[in-house]
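What follows is a single structure, written as structure tokens, with notes after it.
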Amino acid sequence: MQISDLDLRIWRGDATAGELVSYRVPIREGMVVLDAVLWVQANLASDLAVRWNCKAAKCGSCAAEIDGFPRLLCKSPIAEYGQQVTVGPMKAFPLIKDLVTDVSWNYEVNKQIPPFTPSEKDLATSEPWRMQQEDVDRVIEFRKCIECFLCQDVCHVLRSHDAKSVFYGPRFFARIASLEMHPKDTLDRRPLLQGNAGVGFCNVTKCCTEVCPEHIKITDNAIIPLKERMDDAYFDPVRWAERRLRRNGKDLRPPRSGSNAT
């Protein structure tokens, strides 16, 4: 659709109050939504707050919502939209100003995940570690994440229920998967998944996969395998009986479905 100008509606305000403000923006061929926002900042509203950096869809800084859908502003061509586009901040995180949100909670969560931990034998050897290519491919997919946090924003557990105290979100399930599936890692993070990470709250709607700009299959390749590992450990009745016998009859009844008890 060819249009000469665009009615760009941008959320203006802070955590206390705000509103959508319309700006008329001239359109040129190949323009993306970030271009339009920056034109407004340069020509009409110098105090407009927007976070951006690389403009190449690799830094994740310009994550926002376009017509209510989480997207990278720099990866969203104006040609995909009509004559009116609405841009707002990510709703899952506290608003600072205009299009800028406080995503620092994510970095605090990241600190709670035990890092890559190889065996003492692997640490001691001077020989190169040998791994199957399929193991390398499985792990490297998750390392493509640019931490735009669009998957966190679209996740209903964080967006609609604000359950940050009991749920880490898809970005960090992908990180845990990159560690758990590494053939040289020795830690068992299933207690974390069943406990503080709260992977049981995910109902696998695949919305996180849909918004990922790196096309990581977060649900199929990270969340579902992690849920299966956790279920095998905590909800398999045979394994529960084995744990009970090993721990001298201590009451280790499996937690109820959806519970975060460890």
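Looking at (1) touching a helix residue (DSSP H, G or I) at 6+ places or on another chain (Cβ under 6 Å); (2) assigned to a loop (DSSP other than H, G, I, E, B), which is the only condition residue 151 fails?
In the conditions (1) touching a helix residue (DSSP H, G or I) at 6+ places or on another chain (Cβ under 6 Å); (2) assigned to a loop (DSSP other than H, G, I, E, B), residue 151 misses (2) alone.
Among the residues in segment 63-75, are any touching a residue at least 40 places away in the same chain (Cβ under 8 Å) and part of a loop (DSSP other than H, G, I, E, B)?
There is no residue in segment 63-75 that is touching a residue at least 40 places away in the same chain (Cβ under 8 Å) and part of a loop (DSSP other than H, G, I, E, B).
In segment 27-53, how many are modelled with pLDDT of 95 or more and over 30 Å from the mean Cα position of the chain (by Cα)?
So the answer is 5.
For residue 56, are the conditions met, namely being closer than 30 Å to residue 209 by Cβ, in a loop (DSSP other than H, G, I, E, B), small (Gly, Ala, Ser) and free of Cβ contacts under 8 Å to residues at least 24 places away in the same chain?
It is true that residue 56 is closer than 30 Å to residue 209 by Cβ, in a loop (DSSP other than H, G, I, E, B), small (Gly, Ala, Ser) and free of Cβ contacts under 8 Å to residues at least 24 places away in the same chain.
For residues that are assigned to a helix (DSSP H, G or I) and surrounded by 12 or more Cβ atoms within 10 Å (Cβ to Cβ), scanning just segment 120-135, find the one that is nearest to the chain's Cα centre (by Cα).
Looking at the filtered set, the residue picked out is 135.
Within segment 179-193, is there a residue that is in contact (Cβ under 8 Å) with a residue 12 or more places away in the chain, under 26 Å from residue 91 (Cα atoms) and of a type outside the set (Val, Ile, Thr)?
yes
Please pick out the residue among 139, 109, 157 that is assigned to a helix (DSSP H, G or I), at pLDDT below 95 and surrounded by 18 or more Cβ atoms within 10 Å (Cβ to Cβ).
On inspection, the qualifying residue turns out to be 139.
Residues to consider are 130, 143, 159; find the one that is within 23 Å of residue 195 (Cβ to Cβ) and in the same structural domain as residue 173 (by TED's automatic domain parsing).
It is 159.
Mind listing whichever residues of segment 164-187 are under 16 Å from residue 149 (Cα atoms) and hydroxyl-bearing (Ser, Thr, Tyr)?
Correct list: 168 only.
Going through segment 3-19 one residue at a time, which ones are β-branched (Val, Ile, Thr) and outside any strand (DSSP E or B)?
Across segment 3-19, the qualifying residues are 3, 16.
Between 101, 117, 86, which is touching a residue at least 60 places away in the same chain (Cβ under 8 Å) and buried (at least 16 other Cβ atoms within 10 Å of the Cβ)?
On inspection, the qualifying residue turns out to be 86.
The values are calculated or read from the model by the stated rules, or taken from the named source; none is laboratory data. Here the structure is a predicted model, which means the values were calculated and not measured. Here the Cβ is made from the backbone with ideal geometry for all residues, glycine too, and neighbour counts use every protein chain on show.
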